[in-house]
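K.L.:
This is the structure, below, for whatever I ask next.
The values are calculated or read from the model by the stated rules, or taken from the named source; none is laboratory data. The structure displayed is predicted, hence computed values, not measured ones. Here the Cβ is made from the backbone with ideal geometry for all residues, glycine too, and neighbour counts use every protein chain on show. These area figures cover heavy atoms from the full protein model, side chains too; ligands, DNA and RNA do not enter into them. Shrake-Rupley method; radii C 1.70, N 1.55, O 1.52, S 1.80 Å.
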Amino acid sequence: MKDKEGQPDAGVKRFIVRYRGAGAKPDDVVRRIMDLPDTAIIDSSNKMLLVEGSEDAIQRALGPNHNWLVAPQQHYELLD
């Protein structure tokens, strides 16, 4: 996400959102995350999403009794 000047918004981060339940991630929860303002699903797999947005908003979309893990995306520098 970018701010009004086109610069990356410092308050917006990327999160790995992993479904820990049986089977594939529930479509209704994915739709709730997709409908959040200022939030984007960058990538997805059977059990995980890479979401750019506010952690608080993501947690609210998941609801109080969810079977999801939300963790900030981590980057590691590879040494030559």
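K.L.:
If you go through the range 56-80 one residue at a time, how many are loosely packed, with under 15 Cβ neighbours inside 10 Å and under 10 Å from Ile16 (Cα atoms)?
P.N.:
Within the range 56-80, residues that are loosely packed, with under 15 Cβ neighbours inside 10 Å and under 10 Å from Ile16 (Cα atoms) number 5.
K.L.:
Let me ask you something else. Which residues, taken from the range 1-18, are open to solvent by less than 50 Å² (accessible area, probe 1.4 Å) and either part of a loop (DSSP other than H, G, I, E, B) or modelled with pLDDT under 95 (or both)?
P.N.:
Gly6, Val12
K.L.:
Please name all residue pairs, on different chains or six or more residues apart, with Cβ atoms under 8 Å, provided the first residue is in the range 26-51 and is closer than 18 Å to Lys13 by Cα and the second residue is aromatic (Phe, Trp, Tyr).
P.N.:
What qualifies is Met48/Tyr19; Leu50/Phe15; Val51/Phe15.
K.L.:
Filter the range 19-40 for residues that are among the basic types (Lys, Arg), part of a loop (DSSP other than H, G, I, E, B) and surrounded by 13 or more Cβ atoms within 10 Å (Cβ to Cβ) and give the result.
P.N.:
The answer is Lys25, and nothing else.
K.L.:
Related question: I'm trying to understand the selection: among the residues of the range 41-58, which are touching a Phe, Trp or Tyr at 6+ places or on another chain (Cβ under 8 Å), among the aliphatic types (A, V, I, L, M) and either outside any strand (DSSP E or B) or at pLDDT below 95 (or both)?
P.N.:
Hit for the range 41-58 is Ile58, nothing else.
K.L.:
Any idea which of Ala71, Ala61 is touching a residue at least 12 places away in the same chain (Cβ under 8 Å), of a type in the set (Gly, Ala, Ser) and either in contact with a Pro (Cβ under 8 Å, 6 or more places away or on another chain) or in a strand (DSSP E or B) (or both)?
P.N.:
Among Ala71, Ala61, only Ala71 is touching a residue at least 12 places away in the same chain (Cβ under 8 Å), of a type in the set (Gly, Ala, Ser) and either in contact with a Pro (Cβ under 8 Å, 6 or more places away or on another chain) or in a strand (DSSP E or B) (or both).
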